[in-house]
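Engineer: Quick one: the structure is below, questions incoming.
The values are calculated or read from the model by the stated rules, or taken from the named source; none is laboratory data. If you're wondering where the values come from, they're calculated on a predicted model, not measured in any experiment. No Cβ is skipped: glycine too gets one built from the backbone with ideal geometry, and neighbour counts run over all protein chains shown. In case anyone asks, the SASA skips ligands and DNA or RNA and just uses the protein heavy atoms, side chains included. Shrake-Rupley method; radii C 1.70, N 1.55, O 1.52, S 1.80 Å.
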Amino acid sequence: DGKDNGGKAHGGKDYSVAIECRENCRLSDVNAKWEIVSPIRFKADEGNVGAFVTSVSGASVNETIPLEGETEGKLAGFGLGKDRRENGKVVLTFKDDGKAPRTVTVFVGDDAAVEGSLYAAVETDGSPLDGVRMIPSYLRSNLERTLSYWRAKRVFNFAASQVEKMTLVNASGTTELTKKGADWYLSGKQPADNETIDVFLAGLVFMNAAEY
């Protein structure tokens, strides 16, 4: 809490998504504004990203297995070898006011012997990996999400109150509607059905794409 943050999640050998927070970036703030910055620049699904960041930051460690001596071979035994680490990780960058950014990387390995857990290694600001942690396995499902999951699904970006004129074209012809004050009118200043139009606009405003 109290930290600005950005996250970068990798899932799969050829898949990588980088996400940054632009506004209201405290971890506890449900109004945080997230943006995808790679492989495309697009508004992110704030609910999905916020829930993921909060779950990673608050993930409980069920057990820690210390590593001593030559660590790479031991890490590989938990599915945390060098190649695997590059293809399954979450990078979180935290910024405190007046302090240098802090980067925490969570590497995800094999499923653990304990049901519902997986093996993970944590690196803070490039520090050596000195242990393997058992954390909840739900983290893996988020790493395997496609870009579509992280991208905002809202088709349009406007409020119904901003619409002042509307033209509808279909097989029956063309209908023009104009708003005067709180009321809608057809061409020739004929009153239109305000409730029907408001419902139609609300449907457009809250329309979500099933997938991109």
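Engineer: Can you give the FRET efficiency for THR174 and SER38, using 1/(1 + (r/R0)^6), R0 = 45 Å, r = Cβ-Cβ distance, to the nearest 0.05?
Structural biologist: Between THR174 and SER38 the formula returns 0.60.
Engineer: ARG102 label point, 7 Å along Cα→Cβ, cut-off 15 Å on backbone N: hits in the range 127-146?
Structural biologist: So the set is 127.
Engineer: Heavy-atom accessible area of ASP193 with all protein chains present, probe 1.4 Å, nearest 10 Å²?
Structural biologist: Per-residue accessible area (ASP193): approximately 90 Å².
Engineer: Sorted by accessible area (1.4 Å probe), largest first, how do VAL37, VAL155 line up?
Structural biologist: VAL155, VAL37
Engineer: With a point put 7 Å past each Cα toward its Cβ, work out how far THR124 is from ASP111 in nm, to one decimal.
Structural biologist: With each label point 7 Å from Cα toward Cβ, the separation is 3.1 nm.
Engineer: Under a cut-off of 14 Å between alpha-carbon atoms, report the aspartates and glutamates in cross-link reach of LYS153, not counting same-chain residues fewer than 8 places apart.
Structural biologist: In chain and number order, the partners are GLU35, ASP45, GLU46, GLU211.
Engineer: What value, in deg cm²/dmol to 500, does the helix sum -39500 (n - 2.57) over DSSP H runs of n ≥ 4 give at 222 nm once divided by the residues of the chain?
Structural biologist: Helices in the chain give a 222 nm mean residue ellipticity of -5500 deg cm²/dmol.
Engineer: Let me ask you something else. Note down the accessible area of GLU70, probe 1.4 Å, to the nearest 10 Å².
Structural biologist: Estimated to the nearest 10 Å², GLU70 gives 120 Å².
Engineer: Sticking with this one: Residues in the range 113-128 near a label at LYS82, defined as backbone nitrogen under 19 Å from the 7 Å Cα→Cβ point?
Structural biologist: From the range 113-128, the list is 121-124, 126-128.
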